[in-house]
1. Only residues in segment 209-235 that are among the polar types (S, T, N, Q) count as the first member; pair them with residues that are in a strand (DSSP E or B) and open to solvent by 10 Å² or more (accessible area, probe 1.4 Å), Cβ under 8 angstrom, at least 6 apart or cross-chain, and list the lot.
2. Going by what's in this entry, would residue 158 be described as more than 20 Å from residue 233 (Cβ to Cβ), among the hydrophobic types (A, V, I, L, M, F, W, C), touching a residue at least 12 places away in the same chain (Cβ under 8 Å) and part of a helix (DSSP H, G or I)?
3. Six or more apart or on different chains, Cβ atoms under 9 Å: show the pairs whose first residue is in segment 118-145 and on the phi > 0 side of the Ramachandran plot and whose second is open to solvent by 100 Å² or more (accessible area, probe 1.4 Å) and in a loop (DSSP other than H, G, I, E, B).
4. When segment 8-37 is examined, which residues are found to be β-branched (Val, Ile, Thr) and open to solvent by 10 Å² or more (accessible area, probe 1.4 Å)?
5. Sort through 360, 332 and tell me the only one that's within 16 Å of the chain's Cα centre (by Cα), modelled with pLDDT of 95 or more and open to solvent by 10 Å² or more (accessible area, probe 1.4 Å).
6. Among residues belonging to segment 115-145 that are of a type in the set (Lys, Arg) and closer than 30 Å to residue 12 by Cα, point out the one that is surrounded by the most Cβ atoms within 10 Å (Cβ to Cβ).
7. For residue 375, only one of the following conditions fails: (1) open to solvent by less than 10 Å² (accessible area, probe 1.4 Å); (2) of a type in the set (Val, Ile, Thr); (3) at pLDDT below 95. What is its number?
Amino acid sequence: MSAAYIIAGRRTAVALRNGAFAEIEPADLGAAVICCALEDANLRVDQVDEVILGNALYGGGNPARVAALAAGLPESVSAMTVDTQCCGGLDAIALAAARVRSGSADIVIAGGLESYSRAPIRQRRPKHRGEEAESYDRPPFTPWAERDPDMIDSAAALAARLKIPRTQQEEYAVESHRRTGKDTAVEGELVEFNGLARDEFTRSLSLAVCRRLKPLSGENEYGVTAATTAVEADAAAVVLVASERVRESVIGNSVLIRGEVSRGDDPTCPALAPIAAVQDLLDRFGLSSADIARTEMMEAFAVQALACIKGIGLAPDSVNQRGGALAWGHPIGASGAILAVRLFHDLQRAAPGELGLAAIAAAGGLGSAMLLEAVGA
């Protein structure tokens, strides 16, 4: 099989729900990053073989196709939307890599797009005449109500079970904001859109502010708060996944997609699902956590990041070196793609052979991980 490379990657800034992208449809966010990524690689729209994008909140349809057409791609280019919830953006890139390695495609645009702001209002049709439609926030992620917890409740239960105190969670959140700062995106990473050129949520967060907050779930000692939970957000991110033949014609450093794993785990504790996925991935290549130079770990909750860092055995200083989602937000289907875009730009500037890891969990007990390697031009 041939190799698969990332040759370009772009993301929008992450906007708060009902913030700068409140009136923007997710497909328009996706089209913006698609156009910029193609321009970065000096590729024409008619050179693209396929578009694969993750999305969780659109409400059906195929937003990847809408985004592809909005970006001016030919009608002949196919498009597919992946819904594995939070894992969708990273899983889309994994599917693109598989397409390229198999020889069925040379250039695939992959990533994710999401808008909490424009998500449809959800209702279930009444089962019987005379009943009212029933509103709901999310679909079930398992067939068993008792094993399908609210994500915040699950995070709080995990903190209590692992004895990760609220104070430690808050310290992690403060550090995430500190690392993110006002502008830590590297050159060529962000696409300015609708006037937003930096992640909207990042602020100076103090422990004093954290400790005034009431728990969203759990007892005070181990509870999860607004400071230790990633906010709902809007964003899009894509990478261009290309074959060796295409890579040789592109100016600039590319990054090799060494491999990827998606695994299922206990649906009552989805936060820990990345641990098994990462271990499988490392075992496949005969690696250990010590071989990973930098990691982009999704921070849906501070307790999740802390538990996964420890469970995988990662050096804390190597994880989310430019901050994480606690400081910029969680645009569900786009979040995994944002991790990949950030990692791509960091590895472009790294020494050949340096390894990077992206990992994310999803509701229902899913975990996805991807291993990238710096290879230079």
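The values are calculated or read from the model by the stated rules, or taken from the named source; none is laboratory data. Everything numeric in this text was worked out from a predicted model, so none of it was measured. Positions of Cβ are generated from backbone atoms using ideal geometry, with glycine treated the same way; all protein chains shown enter the neighbour counts. Surface accessibility is based on the protein's heavy atoms, side chains included, excluding ligands, DNA and RNA. Shrake-Rupley method; radii C 1.70, N 1.55, O 1.52, S 1.80 Å.
1. 228/301; 229/301
2. yes
3. none
4. The answer is 24, and nothing else.
5. After ruling out the rest, the residue left standing is 332.
6. Taking segment 115-145 as the starting set, the residues that turn out to be of a type in the set (Lys, Arg) are 118, 122, 124-125, 127, 129, 138.
Next, from what is left, pick out any that are closer than 30 Å to residue 12 by Cα: 118, 122, 138.
Values: 118: 21, 122: 14, 138: 13.
The residue in question is 118.
7. (1)
Yes/no matrix, rows are residues, columns are (1) closer than 23 Å to residue 54 by Cα; (2) open to solvent by 10 Å² or more (accessible area, probe 1.4 Å); (3) modelled with pLDDT of 95 or more; (4) acidic (Asp, Glu):
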site	(1), (2), (3), (4)
271	yes, yes, yes, no
276	yes, yes, yes, no
283	no, yes, yes, yes
293	no, yes, yes, no
303	no, no, yes, no
327	yes, no, yes, no
354	no, yes, yes, yes
